[in-house]
1. Which one of Val73, Val33, Val80 is outside any helix (DSSP H, G or I), within 20 Å of the chain's Cα centre (by Cα) and of a type in the set (A, V, I, L, M, F, W, C)?
2. Among the listed residues Ala65, Ala47, Ala38, identify the single one that is open to solvent by 40 Å² or more (accessible area, probe 1.4 Å), in a helix (DSSP H, G or I) and not hydroxyl-bearing (Ser, Thr, Tyr).
3. Could you tell me whether any residue of region 244-251 is assigned to a helix (DSSP H, G or I), surrounded by 22 or more Cβ atoms within 10 Å (Cβ to Cβ) and at negative phi?
4. So which residues in region 83-116 are exposed (fewer than 14 other Cβ atoms within 10 Å of the Cβ), farther than 16 Å from Gly179 by Cβ and over 15 Å from the mean Cα position of the chain (by Cα)?
5. Which members of region 117-133 meet the condition of being surrounded by 16 or more Cβ atoms within 10 Å (Cβ to Cβ) and touching a residue at least 12 places away in the same chain (Cβ under 8 Å)?
6. So which residues in region 213-224 are surrounded by 24 or more Cβ atoms within 10 Å (Cβ to Cβ) and either of a type in the set (Phe, Trp, Tyr) or part of a helix (DSSP H, G or I) (or both)?
7. Would you check if Val260 is more than 30 Å from Val109 (Cβ to Cβ) and over 19 Å from the mean Cα position of the chain (by Cα)?
8. Hey, can you tell me all the residues within region 181-194 that are under 11 Å from Pro171 (Cα atoms), within 25 Å of the chain's Cα centre (by Cα) and among the hydrophobic types (A, V, I, L, M, F, W, C)?
Amino acid sequence: MSNDLLQWIVFNIFVIIMLALDLGVFNKTPHEVKPKEALLWTAIWIAQALVFNLGLYYWQGAEPALQFFTGYVIEKSLSVDNIFVFLIIFSYFRVESQYQHKVLFWGIVGALVLRGIFIAAGVALLERFDWIIYVFGGFLVLTGIKFGLQKNKEIDPGANPVLKLVRKIIPVTDEFVKGSFFTKIDGRRFATPLFIVLIAIETTDVIFAVDSIPAILSITTDPFIVYTSNVFALLGLRALFFALASMMRLFHYLQYSLGVILAFIGVKMILASVYKILVAFALAVIAGVLLLSVIFSIAWPPKEQSSVKS
């Protein structure tokens, strides 16, 4: 058995074990995840990613380790924007807090599979067609500009065409049935609104993957590093959601920083054949932009709009 195959097997076994422990042991009973618990799990997932990063440094060297860390930071920063959309989805469908973790868990399991497919496709395209790097780069620049120009993000989960299609194919109950995705009524199987929420979460991740996969492919095309950095960012997304859900005001300049980051990464891809921007420099730019966005958000918080009429 080759070392490459062995590392894939070992890593995926680790992921399966952690997912099993998460749902089967630590979160076996549905409950509301408090900020203290969420912050603890966020620290645990980040620590695991850093330990893995050290392992990469030891076994493969400094460059792969730096590529992983940069990719992880990119994925982690983009995932904060996911959290904003998740909040809207849960609020729109009025999902009780004790069932939100279950939805996010299975949503992320599906996202792991979909991200693996996207990564394999992206790497294959870059290896076969040299010019595709300019397509990815241009797409990221345009997406970055769109992020920067977008003043108010208005999202209507009910208008999701995938959800409309699912409702036409599968009968859906009007009410939630505790934490179940499906139920039986008079011998007939129905989906519950919680399943519709799960589909909404999955389609949201697909949309975000369109941005994030090309972004990390600008750092490296090594499928193992791209995949593992994505997986670690996704595994910690649930805990990060509950940790930051009540603190999103601290990130109201985030979309502008993400716009700058995506545009920068796009330019990096376009210039790759002419001038290679070092991964260390790219990491410094990304970290600096994110830090500035948090500083600006704290220094200049959003103004409260008074609704009181005299």
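1. Val33
2. Values: Ala65 fails: open to solvent by 40 Å² or more (accessible area, probe 1.4 Å); Ala38 fails: open to solvent by 40 Å² or more (accessible area, probe 1.4 Å).
Being open to solvent by 40 Å² or more (accessible area, probe 1.4 Å), in a helix (DSSP H, G or I) and not hydroxyl-bearing (Ser, Thr, Tyr) holds for just one of Ala65, Ala47, Ala38, which is Ala47.
3. As a first pass, look at region 244-251 and keep what is assigned to a helix (DSSP H, G or I): 244-251.
From the residues that got through so far, the ones that are surrounded by 22 or more Cβ atoms within 10 Å (Cβ to Cβ) too are none.
For region 244-251, residues assigned to a helix (DSSP H, G or I), surrounded by 22 or more Cβ atoms within 10 Å (Cβ to Cβ) and at negative phi: absent.
4. The one that is exposed (fewer than 14 other Cβ atoms within 10 Å of the Cβ), farther than 16 Å from Gly179 by Cβ and over 15 Å from the mean Cα position of the chain (by Cα): Ser91.
5. Result: Phe118, Ile119, Gly122, Val123, Leu126, Ile133.
6. Let us first name the residues in region 213-224 that are surrounded by 24 or more Cβ atoms within 10 Å (Cβ to Cβ), namely 214-219.
Pro214, Ala215, Ile216, Leu217, listed by residue number.
7. no
8. Listed by number, the list is empty, since nothing qualifies.
The values are calculated or read from the model by the stated rules, or taken from the named source; none is laboratory data. Keep in mind that this is a model prediction, so the values were computed, not measured. When we count neighbours, we look across all protein chains shown, and the Cβ atoms used for this are built from the backbone with ideal geometry, even at glycine. For the accessible areas, the whole protein counts, side chains as well, though only heavy atoms, and no ligand, DNA or RNA atoms are used. Shrake-Rupley method; radii C 1.70, N 1.55, O 1.52, S 1.80 Å.
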